[in-house]
Structure formats: C-alpha cells, structure tokens
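Q: Structure below; questions to follow.
The values are calculated or read from the model by the stated rules, or taken from the named source; none is laboratory data. Owing to the predicted nature of the structure, the values given are computational and were not obtained by experimental measurement. We place every Cβ from the backbone using ideal geometry, glycine too, and count neighbours over all the protein chains shown.
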Amino acid sequence: MTDNADTTATGRPYWQTPDGKHLAACEERASRERFFPPIPQGSPLHARYESITLGDEARIYSFTVIHPHPKSGKAPFALVYADFPEKVRVFGIYEGDGRPSIGERVRVVIGAAESGAPRYTFTAAR
Amino acid sequence: MKDIYISGVAMTRFGKHDQASMQDLAQEAVLGAVADASETLDNVEAFYCGNVFGGMILGQVLLRDLALAGVPVYNIENACASGASAVHLAMHALRAGVYETVVVFGVEQLTKLGGGTIPLQLNDYKTGLYAEQGMVLPAVYAMRGTRYLHEHGVTSEVLAKVAVKNRYNGSLNPYAQTRKETTVDEVLGSRMIADPLTLLQCCPSAVDGSAALVLTTRKPQGRHAPVRIIGSVVQSGIREQHDDDILDAEITARAARLAYRQAGIGPSEVDVVELHDAFTIAELIYYEALGLCAPGEGAALLESGETSLSGRIPVSPSGGLLAKGHPLGATGVAQMTEIVWQLQRRAGDRQITKHARIGLAQCTGGGIAGVDHAASSVHILSL
C-alpha cells in the first residue's frame, strides 16, 4: 500500500513532480482521462498512465469549512475541490485570509505540515 | 422468474443500547422477523448478515446460540449498503432455486467505536492522501451542500427543513433514535460541523440497532397483504472525472434506472420512499437522482409538502437516517422493513395517508475518494 509520504526515486512524494514544485497527476493513455494523485509507481496499472504536471493555479469548484469539536481546541479549517485547467480536480486544504468562494482562483503551495510530512495546500491567488 | 416475497420483518429500536450486545440486537431482530412471518427457524435455509465494523464471521457468532443446524451463513459488507446488498444476494439464491426461505439481517453497534465521524477505508492511496488533508464524510456531503445552494440560489433554510420533516416523522416512530421534533431555527442554530451542515443536519454517529427480513419464494398466507421485491439492484461507483457534477448522484441515478427497468415501472408510480438521508443535502439530491422530481427541483419538491406523510410521495416516513438513526449494516434492511410496514398499513402513528402499493428503498455506501459512492442499492417493493 502506498503511504502518502512514500517517495519516488527522486526522494519526492509520489504526488509531487520530481523538482518538488508542482503537483503531479496522470493521464490514462487509452481514455485520456486525468486523475490526481497519480497512480503509484508500484501499481500493476502504472504502465497504462503517463505523468502530467499540474500548473500553479486552479479555481474552486466547491468548499466547506470544518468546525472541529470545541473540546478539541482546534480552529476551523477550509477544504476545497479545486479544478485545474489541465482537466484535473484536486481536494485539499485552503489556507487564506477569508472564507473561500466558488469560482475563486487559488494557487497551490507545496510544503510541509507541522509534523514535517510533505503536504500541499491551496491559497488565494493574487 | 420466481416471485420473492418478504414474509416477515422486524427491527430493534435504533439508539444507544448500553446494556445490549450485538448478539442481543441481532437475535431480537431475527427472531422477531421469523415470528412475524409465522415461520420457525428450522425452515430457514440460510442467513445473510449485513455489517460493517463487527469483524470476521460475525453472522455465525451472532447466531451461534440459536442452535441452527449448520445452515450457511453469509457475511456481506458494502459500507452503508451492506444490509441492502445482503438482500440483493439473498434474492440471487432464491431466484436460482438454491433456497426457498432465508433470513437477511443487518446489525451495527457504532457506540462501540467511540463516536465521531465514520472511518474511511484507508487501503487506498487516494483516500489516504485526502484523509490527511481532512476528508471526512461530512465534508464530502457539505461540499455538495455548498454547491447546491450556489447553483440553485436557495439558502440553508431549505436544508434545515429536511431535518424538520424527518424529525417530525421520527417523533412518531417508536423505533427511532431521535423522537423529538425540531424547528428550522434549532437546526440552523445547532453546532456547525461542516459548513453548511450543522449538527442536526447530520445523522447521529452513536447508534446501535438491527433489522431483519424473511425472504421466501412461497406466497405468504398470513393476515397481511403479501409484499414482493420487484426490483433489486446494487451498483458500484465509477471513477470520478474532472468535470463531474457532484450534485447528480450518478451512482444512485444509475441504480434507480436499473431498478425501475427491472420492476417495469417509472418514478411516478412509486408511492413511498426511504432513502439515504445521512445528511440533509442528501435527501434533496436523491429526490432528483431517483426521478421523484426534475433535476434542480429537489428543494421545490420539499417545499411543496409533497414528501410529507400526507403528501403525494412521502419520503423518509420512518424519520430517515436523520431521526431514526443509521447503524450502518442495519440501515438497508430497516428501510425495507419500514416500506413493508407502510405498504401493509402497519406503521402506526406515522402511517402515510395515501394507500401505497409500491415503495422504494435506496441506500449508498461511501467512504472512499475518487468515486461518487462506492456502492448504491435500490429496492422496489410492491403489494
């Protein structure tokens, strides 16, 4: 089973491009359909797909704001579905100054969580 | 093709059963259904057990003390569609003539999980990655809610009205977990879970219960009008595309079309519906997916009152998952139990006004990323 921190030969998580600057996706050769995250390299299906790179920006298709139980002490956080021009929809955390909105332009930020685990988020595009 | 009858039904009250074990719950439902069918356990040739979190060989464990004569016990898991899937598989065997009479039961004891959101299936790189991002089932439905309000220009008030309707129905149902009516203000004022879904717009996650049916190819001769299953479908989710409309409930619409075709009817002939209202937005979306109204008209259908107990097409007369509760493995079987009671006019204070001839039960099993839902099941029952 692929762990989300599993790294490719480049040392990057499988959902990052080798240079670590973009999200990686895949296109099925037969159907030309595209998906994120990409099929992991160890999958028996891997040869059916070719790698593609997602751009820096997308638009919010929908969103919600999760309100953790007050006893948890955690702050609300926003989640979005972001539609990329490369015809891929990605789910992720939105970190912006305000509430997300449908149709809003967002930018991908690739970084690390507090734990140090690699992660991606979306922020308002300027 | 052989007619498949539901000759007996029973369910436990759905709620927190601190003093009851899962065995107690399952046996209560099974014995109740067998008695309702005026049958004996000796005549039951196989048992089908729908469950999600109970562990391996659950059916055998739960039925052991009934001292059955070694008949087959099958354990079926399809998330929230487990019970309905169990009915579907039982029907295969009955139609093939392998058995004449079987019992299907569903059971779940979610209070043992400690509460909170239902765990996702993490044997999947995509679900695992998204779960790390914060994907939980309420979030998936909440984003449908956000999109619905945006596209149709309605407010959260219409979502709250689903909860108000179903909580009213639940107040009349002695088997429901939540038997207290509510108001739009109370629903909208309850704690926000995943915007726009507040607490009272989400089915409770701490609930236990069981339901059972006796299925047979012998036409029942009892005092109640015989109920047949005339449509039974299970479908799996199709890999999501980048431009999917998250409001079209594709898997449910597909399962419903197949069920209608099997039954030889259309949506307009359905008299009563139990559907998968795990969250308020789900009921509106499923109105459309089941063809009870045109696309985009779900909110209007609710506002018209036609889905109330006295309406043209009562939906969730039991109180639905929102009020009755949603012990996952039991839900599909409990939905059909309610439909049988409604068709046979045994539903007590919540009996729908119209004399129903055809009922529909729909449930979906989710829990993974990349598909609308993992499983959807639609059953159509008829006098």
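Q: Among helices (runs of 4 or more DSSP H) lying entirely in the range B:136-252, which contain 2 or more residues that are in the same structural domain as B:Ser308 (by TED's automatic domain parsing) and without any contact (Cβ under 8 Å) to a residue 40 or more places away in the chain?
A: B:156-171, B:184-189
Q: From B:Val103, B:Val87, grab the single residue that is touching a residue at least 40 places away in the same chain (Cβ under 8 Å), within 21 Å of B:Ala259 (Cβ to Cβ) and away from chain A (no Cβ under 14 Å).
A: The conditions single out B:Val87.
Q: Now, a different point. Got a sec? Which of B:Ser210, B:Ser205 is among the hydroxyl-bearing types (Ser, Thr, Tyr), under 26 Å from B:Leu25 (Cα atoms) and within 14 Å of chain A (Cβ to nearest Cβ)?
A: B:Ser205
Q: Which residues, taken from the range B:126-180, are away from every other protein chain (no Cβ under 14 Å), among the polar types (S, T, N, Q) and farther than 30 Å from B:Trp341 by Cα?
A: Scanning the range B:126-180 gives a single hit, B:Thr155.
Q: Now for a separate question. Pick out the one residue from B:Ala374, B:Ala278, B:Ala369 that is in the same structural domain as B:His242 (by TED's automatic domain parsing), surrounded by fewer than 24 Cβ atoms within 10 Å (Cβ to Cβ) and either touching a Gly at 6+ places or on another chain (Cβ under 6 Å) or modelled with pLDDT of 95 or more (or both).
A: B:Ala374
Q: Pull up the range B:286-300, narrow it to residues that are crowded, with 24+ Cβ neighbours inside 10 Å and of a type in the set (A, V, I, L, M), then point me to the one that is farthest from B:Gln362 (Cα to Cα).
A: B:Ala289
Q: Turning to a different aspect of this structure: Which one of these does B:Tyr260 not meet: (1) of a type in the set (Phe, Trp, Tyr); (2) within 14 Å of chain A (Cβ to nearest Cβ); (3) over 28 Å from B:Thr183 (Cα atoms)?
A: B:Tyr260 satisfies all of (1) of a type in the set (Phe, Trp, Tyr); (2) within 14 Å of chain A (Cβ to nearest Cβ); (3) over 28 Å from B:Thr183 (Cα atoms) except (2).
Q: Can I ask one more? Filter the range B:131-163 down to the residues that are more than 23 Å from A:Arg59 (Cα to Cα) and crowded, with 21+ Cβ neighbours inside 10 Å and list them by number.
A: Matches in the range B:131-163: B:Leu159, B:Ala160, B:Val162, B:Ala163.
Q: Which condition from (1) assigned to a strand (DSSP E or B); (2) closer than 21 Å to B:Leu172 by Cα; (3) among the hydrophobic types (A, V, I, L, M, F, W, C) is the one that B:Ile380 breaks?
A: Unmet for B:Ile380, out of (1) assigned to a strand (DSSP E or B); (2) closer than 21 Å to B:Leu172 by Cα; (3) among the hydrophobic types (A, V, I, L, M, F, W, C): (2).
Q: Here's something else I'd like to know. Would you say B:Gly128 is surrounded by 18 or more Cβ atoms within 10 Å (Cβ to Cβ), modelled with pLDDT under 95, of a type outside the set (S, T, N, Q) and part of a helix (DSSP H, G or I)?
A: Answer is yes for this residue.
Q: Any idea which of A:Arg48, A:Arg34, A:Arg12, A:Arg29 is within 11 Å of another protein chain (Cβ to nearest Cβ) and basic (Lys, Arg)?
A: Among A:Arg48, A:Arg34, A:Arg12, A:Arg29, only A:Arg34 is within 11 Å of another protein chain (Cβ to nearest Cβ) and basic (Lys, Arg).
Q: Further question: More than 11 Å from chain B (Cβ to nearest Cβ), surrounded by fewer than 21 Cβ atoms within 10 Å (Cβ to Cβ), under 16 Å from the mean Cα position of the chain (by Cα) and within 21 Å of B:Asp244 (Cα to Cα), is that true of A:Ile93?
A: no
Q: So which residues in the range B:265-301 are more than 20 Å from B:Ile251 (Cβ to Cβ) and touching a Phe, Trp or Tyr at 6+ places or on another chain (Cβ under 7 Å), if there are any at all?
A: Passing the criteria: only B:Leu301.
Q: Further, regarding this structure: If you go through the range A:76-88 one residue at a time, do you hit one that is closer than 12 Å to A:Phe63 by Cα and touching a Ser or Thr at 6+ places or on another chain (Cβ under 6 Å)?
A: Yes, the conditions are met somewhere in the range A:76-88.
Q: The conditions are (1) of a type in the set (S, T, N, Q); (2) out of contact with any Leu (no Cβ under 8 Å at 6 or more places or on another chain); (3) surrounded by fewer than 20 Cβ atoms within 10 Å (Cβ to Cβ); (4) at pLDDT 95 or above, and B:Ser232 fails exactly one of them. Which is it?
A: (3)
Q: I'm told B:Glu45 meets every condition in (1) under 23 Å from B:Glu338 (Cβ atoms); (2) in contact with a Ser or Thr (Cβ under 9 Å, 6 or more places away or on another chain); (3) assigned to a loop (DSSP other than H, G, I, E, B) except one. Can you identify the failing condition by its number?
A: Only one criterion is unmet by B:Glu45, namely (1).
Q: Among the candidates A:Ile39, A:Ile60, single out the residue that is outside any loop (DSSP other than H, G, I, E, B) and of a type in the set (Val, Ile, Thr).
A: A:Ile60
Q: Restricted to the range A:17-34, and to residues that are crowded, with 17+ Cβ neighbours inside 10 Å and at pLDDT 95 or above, which residue is nearest to the chain's Cα centre (by Cα)?
A: Per the criteria, the residue is A:Leu23.
Q: Here's a follow-up. Residues of the range B:50-84 being surrounded by 19 or more Cβ atoms within 10 Å (Cβ to Cβ), part of a strand (DSSP E or B) and free of Cβ contacts under 8 Å to residues at least 60 places away in the same chain, which ones?
A: Correct list: B:Val73, B:Asn75, B:Ile76.
Q: A further question on this structure: Taking B:Asp42 as the residue in question, decide whether it is in contact (Cβ under 8 Å) with a residue 60 or more places away in the chain and among the acidic types (Asp, Glu).
A: When the stated conditions are applied, B:Asp42 does not pass them.
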